[in-house]
Amino acid sequence: MKTGRLVCGVDEAGRGPLAGPVFAAAVILGPGAAIKGLADSKQLTPRKREALAQEIRQRAVMWAVASASVEEIDSLNILRASLLAMRRAVEALDLTDAPEVLVDGLHCPQLRWPTRAIVKGDATVAEISAASILAKVTRDAAMLELHRQFPQYSFDLHKGYPTAVHLAALREHGVSVVHRRSFAPVRALLCSG
């Protein structure tokens with residue numbers, strides 16, 4: 001990290017599931033906020049993610065989490081909705097200095113700050129790893145809340161991903177208001193019903 005230059009890491013969680021919003025987080029750690037154990041959120045246990053998320057929230061210079069709804073995913077497509085969630089997360093930060101925004105993956109949201117995509121950035125850039133963890137923890141919590149509302153789909157087990165359990169529940173109970181109608185397995189059920 002360049003001295004005096006803020007680095008804002010951005011990542012999303014929830015592009016692949018058949019249900020629920022997509023979430024994104026933006027994190028600025030700043031000098032002296034090194035957090036041990038940061039990694040791609042998918043490589044961490046739920047318990048480790050929760051512990052790290054708590055530390056990130058306490059020690060980061062700034063952080064924000066935002067989402068794009070199921071309706072936005074279906075109307076825009078999942079990539080554009082993910083970029084929208086990322087933009088919302090960055091714009092939610094109280095930025096007075098212009099940061100360099102580093103985004104995990106191949107695509108960047110449109111922002112007024114210098115922005116760069118880094119493939120596998122969630123494994124190599126601390127700020128992106130931190131954003132990955134916050135986005136994943138927040139999305140998982142949202143899916144647990146959806147499980148309480150729609151227990152028949154077992155969102156607590158698969159978080160909306162297209163597992164055999166989820167697909168069987170979709171066939172048995174039909175499509176709920178929190179399912180992404182633009183995703184092929186959901187669309188196929190709607191067309192067949």
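The values are calculated or read from the model by the stated rules, or taken from the named source; none is laboratory data. Source: prediction; values computed, not measured. Cβ sites come from the backbone with ideal geometry, for glycine too, and all protein chains shown count toward neighbours. For accessibility, only protein heavy atoms count, side chains too; no ligands or nucleic acids. Shrake-Rupley method; radii C 1.70, N 1.55, O 1.52, S 1.80 Å.
Residues in region 7-19 that are crowded, with 24+ Cβ neighbours inside 10 Å and among the small types (G, A, S): G9, A13, G14, A19.
If you scan region 26-78, which residues turn out to be on the phi > 0 side of the Ramachandran plot and in contact with a helix residue (DSSP H, G or I) (Cβ under 7 Å, 6 or more places away or on another chain)? So that I can check it myself, show each step before the final result.
Quick first cut of region 26-78, residues on the phi > 0 side of the Ramachandran plot only: 30, 32, 37, 77.
Passing the criteria: only G37.
Selection of first residues in region 140-153 that are under 22 Å from R171 (Cβ atoms) and of second residues that are open to solvent by 60 Å² or more (accessible area, probe 1.4 Å) and outside any helix (DSSP H, G or I), restricted to Cβ pairs under 9 Å at least 6 apart or on distinct chains, gives the following pairs, ordered by first then second residue: F150/V177.
Residue-by-condition table, conditions (1) in contact (Cβ under 8 Å) with a residue 24 or more places away in the chain; (2) more than 15 Å from the chain's Cα centre (by Cα); (3) over 23 Å from D94 (Cβ atoms):
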{"site": "R5", "(1), (2), (3)": "yes, yes, no"}
{"site": "V10", "(1), (2), (3)": "yes, no, no"}
{"site": "G30", "(1), (2), (3)": "yes, yes, no"}
{"site": "A33", "(1), (2), (3)": "yes, yes, no"}
{"site": "S41", "(1), (2), (3)": "yes, no, yes"}
{"site": "A51", "(1), (2), (3)": "no, yes, yes"}
{"site": "R57", "(1), (2), (3)": "yes, yes, no"}
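Scanning region 56-90 for residues that are among the β-branched types (V, I, T) and open to solvent by 40 Å² or more (accessible area, probe 1.4 Å), we see that the one that is farthest from K136 (Cα to Cα) is V61.
Look at (1) touching a Phe, Trp or Tyr at 6+ places or on another chain (Cβ under 6 Å); (2) within 30 Å of R181 (Cβ to Cβ) and you find that A98 fails only one, number (2).
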